[in-house]
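The values are calculated or read from the model by the stated rules, or taken from the named source; none is laboratory data. Predicted model only: the values in this text are computed from it and were never measured. Backbone-built Cβ (ideal geometry, glycine too); neighbour counts: all protein chains shown. These accessible areas exclude ligands, DNA and RNA; they are computed on the full protein's heavy atoms, side chains included. Shrake-Rupley method; radii C 1.70, N 1.55, O 1.52, S 1.80 Å.
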Amino acid sequence: MTNNSSNDQLQAKLDELMSQLMTTEEAAELWGLSQDHIKRLCSNKVIACKRGKTWLILKDQPNPKHD
């Protein structure tokens, strides 16, 4: 396997993973909640992880507003 092929495969996997995630801004728009409220929910109500200053939220979960 060539290095270029390995890089292409890695990029494809990363793209697939990233397509399953959203930012707090995207979640706020999707769920009809404020971005600040979404950030508070990230610590205990929604499936999310923080990378640097950015929360990454799993897209495939119910709207926490409806719980």
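Quick look at the numbers
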quantity	calculated
Potential lengthening between residue 40 and residue 11 on full extension [0.36 nm per residue; Cα-Cα distance subtracted]	7.3 nm
Rounded percent of accessible protein surface that carbon and sulfur make up, the chain, 1.4 Å probe	50
Assigned charges on the beta-carbon of Lys, Arg, Asp, Glu; the chain dipole about Cα centre (debye)	360
Shape parameters for the chain, alpha-carbon atoms, Rg then Dmax in Å	14.9, 49
Distance between modelled label sites at residue 63 and residue 23, nm, 7 Å Cα→Cβ extension	2.2
The chain, accessible area per residue, ligands and nucleic acids excluded (1.4 Å, Å²)	77
Exposure of residue 34 as accessible area (Å², to 10), given a probe of 1.4 Å and all protein chains	60
